[in-house]
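Written below as structure tokens is the structure these notes are about.
The values are calculated or read from the model by the stated rules, or taken from the named source; none is laboratory data. In this text, all values refer to a predicted model and were calculated from it rather than measured experimentally. Cβ: placed from backbone, ideal geometry, glycine included. Neighbour counts: every protein chain shown. Note: areas computed on protein heavy atoms with side chains; ligands, DNA, RNA excluded. Shrake-Rupley method; radii C 1.70, N 1.55, O 1.52, S 1.80 Å.
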Amino acid sequence: MGAKKTKKSPMVISQWPEHERPREKLLHRGAGVLSGAELLAIFIRTGVPGKTAVDVTRELLGRYGGLRELLAASPEELCETPGLGEAKYVQLQAGLELGRRFLAEK
């Protein structure tokens, strides 16, 4: 009989090397070095069992085809995603509105 294979659960972001963690990367190297998935992961903060926040946001970006489409999704659509509820939808929309207001200021 072969050895029993156990499913290895992915590391949580706090277990990643510090220089690879989205928040630490932003603090040390600036927001411009982060991918869209990493930036979104900072907003949603937590993943789901078996997936980090970065994994979840990569999947979301893939499903919606990009940031514009993802942020335009209805609350009902977005909340169908495991781990994303109204609170995370609201956080994303608040970040989007801050960006709009920043761009509108002179």
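Could you list, in sequence order, the residues of the range 48-59 that are open to solvent by 30 Å² or more (accessible area, probe 1.4 Å) and within 8 Å of the chain's Cα centre (by Cα)? Selection gives 55, 58. Summed over the range 73-106, the residues that are outside any helix (DSSP H, G or I) and within 17 Å of residue 43 (Cα to Cα) give a count of 7.
Of everything listed in (1) of a type outside the set (D, E, K, R); (2) modelled with pLDDT of 90 or more; (3) buried (at least 18 other Cβ atoms within 10 Å of the Cβ), the single unmet condition for residue 62 is (3).
Yes or no: residue 70 open to solvent by 80 Å² or more (accessible area, probe 1.4 Å) and assigned to a helix (DSSP H, G or I)?
Working: open to solvent by 80 Å² or more (accessible area, probe 1.4 Å): no; assigned to a helix (DSSP H, G or I): yes.
Criteria not met by residue 70.
All conditions but one from (1) surrounded by fewer than 18 Cβ atoms within 10 Å (Cβ to Cβ); (2) touching a residue at least 12 places away in the same chain (Cβ under 8 Å) apply to residue 79; the one that does not is (2).
Name the single residue that is nearest to residue 96 (Cα to Cα) among those in the range 40-65 being out of contact with any helix residue (DSSP H, G or I) (no Cβ under 7 Å at 6 or more places or on another chain) and part of a loop (DSSP other than H, G, I, E, B). Walk me through how you get there before you give the answer.
The first filter runs over the range 40-65 and keeps only residues out of contact with any helix residue (DSSP H, G or I) (no Cβ under 7 Å at 6 or more places or on another chain), leaving 49-51, 55, 59, 62-63, 65.
Restricting the remaining residues to those that are part of a loop (DSSP other than H, G, I, E, B) gives 49-50, 65.
On the way: 49: 27, 50: 28, 65: 17 Å.
Among those residues, the one meeting the criterion is 65.
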